[in-house]
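The values are calculated or read from the model by the stated rules, or taken from the named source; none is laboratory data. Please read all numbers here as calculations on a predicted model, not as lab measurements. All Cβ positions, even for glycine, are placed from backbone atoms using ideal geometry, and neighbour counts span all protein chains on display. Accessible surface areas use protein heavy atoms only, side chains included; no ligands, DNA or RNA. Shrake-Rupley method; radii C 1.70, N 1.55, O 1.52, S 1.80 Å.
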Amino acid sequence: MKREKFGSRLGFILISAGCAIGLGNVWRFPYITGKYGGAAFVLIYLLFLVLLGLPIMVMEFAVGRGSQASIALSFDRLEPLGTKWHWYKWFGIGGNYLLMMFYTTIGGWLLLYTGKMAIGEFKGLDADGVTGVFTSLLGQPVTMTICMILVVVLCFGIVCMGLQKGVEQITKKMMILLFVLMIILAVRSVTLPGAEKGLEFYLLPNFKKAAESGLKEVIFAAMGQAFFTLSLGIGAIAIFGSYIGKERTLTGEAVCVTVLDTLVALIAGFIIFPACFAFNVQPDSGPSLIFITLPNIFNAMSAGRIWGTIFFLCMFFAACSTIIAVFENLIAFVMDLTNCSRTKAVVGNLIAIIVLSLPCIFGFNIWSGFMPLGAGSSIQDLEDFIVSNNLLPIGSLIYLLFCTSRYGWGWDKFQKEANAGSGIKFPGWARFYVSYILPLIVLFIFVQGYWSKFVG
């Protein structure tokens, strides 16, 4: 079966960026930016984004393009005879399924909240009333299941249309609209009365506050955000490398994707900080920011119903861009492994994802007594922990070692693939850093994640 290709370079960059751009750009980045000194943290974060995220992204792209396959066959085709690198494909694709087991539920929440905001359901509610809407939703497994199924069917429907006509064309339009709407929201936010305090906090480095948090903690937070924001290590990025030709170097393409991902996170800060400071609201982290804090702000804002609807539509697009990208990886895995048609792969995965997403939904209500990570935790927390704190760092380490070790694909073959075409070359002088120092940093992030979760 002839492998599909992207119709344009822009499509490849926007879809890869869409995979990397997730809800963490909106609800995690602003919060930890505020916690660790505003602009001071952003500067450190950007440094680690270049040092950590960028090299690993180039390696994932290289493995995908070099093998012309998804994670199902990429290691099989590139590994030295007799080695066992291909075993990782089962863990990698497992990470994709685990990610979708809770991401589709959040996508359903965003779809529902877009409708709720559009019809004015939050109008006239006080802070307790807005909180009650979200709390009530968590206790409605049927409503959440219906919304999750709608998202799954919609996104798999797009994937079923094919790589160019479905995934590429629709994701391109979605991502362009996402950027436009976020810029409109940012302009509205920074023009609110009192927004200048939020801008000052966001744009002027506060090294004193960063120092109060502890330099070690600030650096680790920046490393962690830079590492996790790009969704590296589970083959979700590598699949798109397999769909492009050798006209452009992979380092240049990775830079474009990383810049777009970072722009979304930075624009989210321009939306959230000025609005929160204008209404004297603390920017919380996690679902409470999106589903409780911001609806309260929109309630207090002139024409808030319109701005709130635009915001939740943006968040729905951001969630769908990731879901569509990962769904493409899932069906490519099945197609590569079984040689079945795209339609059959979509149907099988659609049923599987709906069933696998149910535990996350039930974890908030009928299975709420199961708290796998301690009091107050849920099944969603467990799924997120397995992906974010285990499979992403371990997978990234696998890609690093595979591309640099003589027992894997090897440095020379990796660099030849990465540097094929015109554009920014992956420098030869970086070999020592990515071969010996970067793996230690990734290992440190993995260990520190466990330490923070269970000890610190």
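Numbers at a glance
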read-out: Residue 425 basic (Lys, Arg) and either open to solvent by less than 60 Å² (accessible area, probe 1.4 Å) or in a helix (DSSP H, G or I) (or both); value: no
read-out: One residue from 198, 214, 233 being farther than 30 Å from residue 61 by Cβ and in contact with a helix residue (DSSP H, G or I) (Cβ under 6 Å, 6 or more places away or on another chain); value: 198
read-out: Subset of the range 237-255 (residues that are within 16 Å of the chain's Cα centre (by Cα) and either assigned to a helix (DSSP H, G or I) or closer than 16 Å to residue 186 by Cβ (or both)); value: 238, 239, 240, 254
read-out: Residue, surrounded by the most Cβ atoms within 10 Å (Cβ to Cβ), within the range 21-51, restricted to residues that are at pLDDT 85 or above and under 13 Å from residue 262 (Cβ atoms); value: 45
read-out: Pick from the range 428-456, criterion within 23 Å of residue 386 (Cβ to Cβ) and of a type in the set (S, T, N, Q), ranking: least open to solvent (accessible area, probe 1.4 Å); value: 448
read-out: Test: residue in the range 211-218 that is hydrophobic (A, V, I, L, M, F, W, C), within 30 Å of residue 333 (Cα to Cα) and surrounded by fewer than 24 Cβ atoms within 10 Å (Cβ to Cβ); value: no
read-out: Any chance residue 180 is within 23 Å of the chain's Cα centre (by Cα) and free of Cβ contacts under 8 Å to residues at least 40 places away in the same chain; value: yes
read-out: Pairs where the first residue, in the range 294-320, is charged (D, E, K, R) and the second is open to solvent by 30 Å² or more (accessible area, probe 1.4 Å) and assigned to a helix (DSSP H, G or I), C-beta under 8 Å, 6+ apart; value: 305/118
read-out: Tally of residues being surrounded by 13 or more Cβ atoms within 10 Å (Cβ to Cβ) and at positive phi across the range 339-387; value: 0
read-out: Residue that is surrounded by the fewest Cβ atoms within 10 Å (Cβ to Cβ), among those in the range 67-102 that are closer than 30 Å to residue 309 by Cβ and in contact with a Leu (Cβ under 8 Å, 6 or more places away or on another chain); value: 101
read-out: Every pair of residues 6+ apart whose Cβ atoms lie under 6 Å, when the first sits in the range 76-88 and is more than 11 Å from residue 402 (Cβ to Cβ) while the second is open to solvent by less than 100 Å² (accessible area, probe 1.4 Å) and assigned to a helix (DSSP H, G or I); value: 76/86; 77/67
read-out: Residue 183, sole failed condition from (1) open to solvent by less than 40 Å² (accessible area, probe 1.4 Å); (2) under 24 Å from residue 21 (Cβ atoms); value: (1)
read-out: Extreme residue, surrounded by the fewest Cβ atoms within 10 Å (Cβ to Cβ), among residues of the range 113-137 that are among the aliphatic types (A, V, I, L, M) and under 20 Å from residue 315 (Cβ atoms); value: 119
read-out: Count of residues meeting criterion [under 19 Å from residue 308 (Cβ atoms) and within 26 Å of the chain's Cα centre (by Cα)] in the range 183-213; value: 9
